[in-house]
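What follows is one structure encoded as structure tokens, with my remarks underneath.
Just so it is clear, none of the values below were taken in a lab; they were calculated from the coordinates. As the structure is a computational prediction, the values presented were derived from the model and not from experiment. Note: ideal-geometry Cβ built from the backbone for every residue, glycine included; neighbour counts use all protein chains shown.
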Amino acid sequence: MSTQPPDDYQLPQAVRERIPRYRRVLLNLVIVPFLAAIIPLLILAVVNYQQDSDSYLSENRYELTRLLSSTKRSLQFAIEERRALLSLIARTKSHVELGDESHLKATLRDLRETFGDFVDLGLVTSSGRQSCYVGPYKLQGTNYAQEDWFQEVSLRGVYVSDVFLGHRKFPHFVIAVTRELEDGDFYVLRATIDTELLDRQFFSLDLAENIDAFVVNQQGILQTRSAFYGDVLSNSGLTIPPNLREQEIIRELGQQKNRLLTVGFSYVEGTPFVLVTAMNSLPPFQHWLQKRYDVFFFLIVSVIGILIVVYWRSKRIVTRLREADTERARAYHHIEYTNKMATLGRLAAGVAHEINNPLAIINEKAGLLKDITGSIPDFPKKDKFIGIADSICTSVERCSRVTHRLLGFGRRMDLSKEQIDLESLMNDVLEFQRTEAAHRDITVNLDVAEDVPVIESDRGQLQQVFLNLINNASSAVQDGGRIDIVIRHPNPNEVSIAIKDNGSGIPPEDLAHIFEPFYSTKGEAGTGLGLSITREIVEKLGGIIEVESEVGKGSRFTVNLPIEKVQ
């Protein structure tokens, strides 16, 4: 009797409910050890990143502070030196001497030879009129009484202007000092200074590409050229801190003009100038990656390595668990199915025995009646009577064949090879489908090539294989469908049996799994064991089974079996 369960057998509910657990078990087995291993590494990386970021930002601030302090001292000294020199000239030379054009020219010449950045000199009276002027412009007699700079120098005694273009359209600024006379009157000594004085303070710094230093006024207008913000007298867009006269200020400006800027401000005492230093910093994370590449690389490699090891090990555990559950379920299934088949086999044997005995008596009696009728020469309607007896004998023979096939399917399916005519075997299998095929108007065609030889195999198990495949094809087609069975002899060592239907077909995502245990495309109507057991039988007989399918066009299952002729 067969030990293979049919397709429509349902697994016990408790076994079916355990199958979806495997994905959750695998997920838990992967996540928990992975997190336990990776969290300390992540904490280490976060701490290292935080420390590196703090250190990096502190280094940037220190660099800007150092640059501010050194550059401010240099710039303030250069301006103060020229202001002090003008004050010295105003105090050591008399008003008459400074009012003499030739003497004033000699003084300007000496200043240019010493410093090189003085553009002109002018003597302005307390009324605001320029009484004496030497330089490139025609400013003799110009009245500055209403100018802001004249008002400021009159009150404070010293004045340093913003950078402006002036008549020659090149940037410069003005330093002016006053000298009080004994009679209470005063005069102003005014000098124009080339902005080269300011630029020279930055040429010697040898700044890196990511650092800029420049001067702005209180409104943020550039007094020197900036690598980050543009040319002289353009608006930098920077907002000058209000309390800048008391302290140096370092600010993180964030992303500006495609740069992540840290900017330092420092007021240049005695001038309207603000010294600015700017650093185009890397984002802390990018800096950490560059400087701590080994840490980051170790972290990534560790994460990948741990994940691979944990997943591989967890997958093996879950696979073994699933295999154990599958084997247990299959064994349970086989045991129950075997018991049913054993009961069916005993019932079939008993029924066949009880039917065969009356059939034997009917056959003997029909034969006896035929003999008696034939021995009486003048028996009325002799030919009709003999025909009826022959019909009875034919029906008895047909019933015998049915009981014989029933006993064949009920035998135990131990591997027992014998010579098999595939056409005859397939006709026996189709006998079980003829009623359903006729009821559903399904056309079944059997095409056997003339050169197909007799093979050596197990009859009962082949019957089980083909019956299962034909049942599946019948389930796949609609009423009025078609099933084609083609038997060929493709090479000297094997035969090929193809069972093709024009049914719904199998989706590609299901095609790769149809031979897996418990995988079914029939929903609640199937257990997913039919094709798995079919392939197991075919492989045990030394053959292979293949499938081709296209959704909407049907499927074709091909079984290739060895011939293995008896020696």
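How high is the FRET efficiency between Asp421 and Asp383 when r is their beta carbon distance and R₀ equals 30 Å, given to the nearest 0.05?
On the way: r = 37 Å, r/R0 = 1.23.
Once the sixth-power term is evaluated, E becomes 0.25.
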_Listed pairs Lys417/Lys540; Lys417/Lys500; Lys72/Lys105 exceeding 22 Å between Cα atoms_ = Lys417/Lys500; Lys72/Lys105
_Per-pair calculated FRET efficiency, R0 = 60 Å: Phe203 and Phe432 via Cβ, rounded to 0.05_ = 0.05
*Treat each spin label as a single point 7 Å out from the Cα along the C-beta direction, and report the Ile39 to Ile355 distance in nm.*
7.0 nm
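DSSP loop (so not H, G, I, E, B), at most 13 other Cβ within 10 Å: list which trypsin sites (Lys or Arg not before Pro) in the range 374-404 pass both filters.
On the way: sites: Lys381, Lys382, Lys384, Arg398, Arg401; in loops: Lys381.
Here the trypsin sites (Lys or Arg not before Pro) that fit, given the DSSP loop and packing criteria, are Lys381.
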*Gln51-Glu80 FRET efficiency (beta carbon distance; Förster radius 30 Å; 0.05 resolution)*: 0.10
*For Val477, Val153, order by how many other beta-carbon atoms lie within 10 Å, fewest first*: Val477, Val153
*What length, rounded to one decimal in nm, is gained on full extension from Glu113 through to Glu63, with 0.36 nm per residue of separation minus their alpha-carbon distance?*
14.4 nm
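In the neighborhood of Arg179, defined by Cβ-to-Cβ distances under 15 Å, what is the net charge if each Lys or Arg adds +1 and each Asp or Glu adds -1?
Taking every other residue near Arg179 into account, the sum is 0.
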*When the chain is fully extended, how far beyond the present Cα-Cα distance does Ser102 get from Thr319, taking 0.36 nm per residue of separation?*
67.5 nm
*Arrange Asp148, Asp458, Asp206 by Cβ neighbour counts within 10 Å, fewest through most, would you?*
Asp206, Asp148, Asp458
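Let a ≥ b ≥ c be the square roots of the eigenvalues of the Cα gyration tensor of the range 199-282; is it rounded (a/c under 1.5), or, if not, prolate (a/b larger than b/c) or oblate?
Rounded shape, in that the Cα axes give a/c under 1.5.
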*Using the Kirkwood radius built from alpha carbon pairs, what does the Stokes-Einstein equation give as D for the range 88-128 at 25 °C and 0.890 mPa s, in µm² per second?*
225 µm²/s
